[in-house]
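Shown next, in structure tokens, is the structure this report addresses.
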Protein chains: 2
Amino acid sequence: MFQLDLRDSRPLYEQVKEKMKMLMMRGILKSEEKIPSVRELAHQLTINPNTIQRAYKDLEMEGYIYAVKGKGNFVTPIKEAVSEKKCEQLITALKQLVQELMYAGIKEKQLVTIIDKIYAQPQKGE
Amino acid sequence: MFQLDLRDSRPLYEQVKEKMKMLMMRGILKSEEKIPSVRELAHQLTINPNTIQRAYKDLEMEGYIYAVKGKGNFVTPIKEAVSEKKCEQLITALKQLVQELMYAGIKEKQLVTIIDKIYAQPQKGE
DNA sequence: CACATGTATTAACTCATTTAATACGGACGG
DNA sequence: CCGTCCGTATTAAATGAGTTAATACATGTG
């Protein structure tokens, strides 16, 4: 499904979160689709199930997935997906980042071009 | 000069980096201006000088400041400030973030509005 | 020379991260 | 009903990043 980078200094559960979000954003994991079980993904990545559980717990709190005991974890339908709180955090992070980009001498036009390209991609995963 | 947030889960040196960058971006610390010495800032914030040193070392590597032994640390003039490598990292972070914002249902127009506001502020600190 | 600066080193402590070993309860197919 | 897969919780231990502390050295300034 994906690989972890052991040279990456970030915690493993953060990497797992990022990769799972990536798969959802790319539409590879679709709405209501079942994602690998805690034990299965742990086995695939050769890391401890508790670490996967930690990542899944975070993703559920942020609204990306939901868990059903005895069945598995599933992708939250897009419309209701990301929590309000998480959205605000993303906006705050954007403002901080854009200020740094401006200070670094990057032109606004350049940023808008980058954003255009991303938004030009069709929204998948419905 | 500024305060640290002990409830913040991030490392102290990361917070110091963020605050110092903020002061430079806001033009409160200007080009070629001397910033507080390692020992002085450590005393002000009631934290260890080594932690400040760590933050300053990072800021120097990223191009925001430069150090002169026996004299102090100074703000790098804007034009040469942020290193090429740091710029690329910022761009990469932006792409990642915008993808998440799109998935979260935020409209492109909304993002552009936010960016416009930031770039509308005059570039200070020259 | 006295003093402030940046820088380096070593040791110890705290705490987040990760692993490990179990355990419990719900869902499902045979 | 039973075995197996699922999510979830708990406790203990090991590892490593972050932080403090004490100290030392080199350089610039008055």
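The values are calculated or read from the model by the stated rules, or taken from the named source; none is laboratory data. Just so it is clear, the structure is predicted and the values come from calculations on it, not from any experiment. Cβ atoms come from the backbone with ideal geometry, glycine included; neighbour counts cover every protein chain shown. Heavy atoms of the whole protein, side chains included, go into the accessibility calculation; ligands, DNA and RNA do not. Shrake-Rupley method; radii C 1.70, N 1.55, O 1.52, S 1.80 Å.
The table that follows gives values for the structure above.
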| item | result |
| --- | --- |
| Per residue, in Å², the accessible surface of chain B once ligands and nucleic acids are set aside, probe 1.4 Å | 59 Å² |
| Trypsin sites (Lys or Arg not before Pro) restricted to the stretch A:59-126 and DSSP loop, no more than 13 other C-beta within 10 Å | A:69, A:71, A:107 |
| For residue A:65, residues with placed amide H under 5 Å, excluding near neighbours | A:60, A:76 |
| Cubic angstrom per residue, convex hull over Cα atoms of the protein assembly as shown | 146 Å³ |
| Label-point gap, in nm, between residue A:85 and residue A:109 - each point 7 angstrom along Cα→Cβ | 4.2 nm |
| Protein accessible area in the protein assembly as shown, 1.4 Å probe - carbon and sulfur % | 51 percent |
| The protein assembly as shown - mean residue ellipticity at 222 nm from DSSP helices (-39,500 (n - 2.57) per run, n ≥ 4, rounded to 500) | -17500 deg cm²/dmol |
| For the stretch A:35-42, 3J(HN,Hα) per residue [Karplus equation, 6.51 cos²θ - 1.76 cosθ + 1.60, θ = phi - 60°, Hz, x = Gly/Pro] | 9, x, 5, 3, 5, 5, 5, 4 |
| Separation of the residue A:44 and residue B:53 label points, Cα + 7 Å toward Cβ, nm | 4.6 nm |
| Shielded residues, the stretch A:89-104 - accessible-area loss of 40 Å² or more between chain alone and all protein chains, probe 1.4 Å | A:90, A:91, A:94, A:96, A:97, A:98, A:99, A:100, A:101, A:102, A:103, A:104 |
| Dipole in debye (nearest 20) - chain B, about Cα centre, beta carbon charges: Lys, Arg +1; Asp, Glu -1 | 180 debye |
| Heavy-atom accessible surface that B and A bury in contact, both chains counted, 1.4 Å, Å² to 100 | 4300 Å² |
| Accessible-area order (highest first, 1.4 angstrom probe) of the listed residues B:91, B:52 | B:91, B:52 |
| Contact order relative to length of chain B, as percent, for alpha carbon pairs under 8 angstrom and 6 or more apart | 29 percent |
| Distant alpha-carbon pairs in the stretch B:49-126 (separation over 17 angstrom), percent | 64 percent |
| Accessible area in the full protein assembly, largest first, 1.4 Å probe, for A:76, B:92, A:46 | A:46, B:92, A:76 |
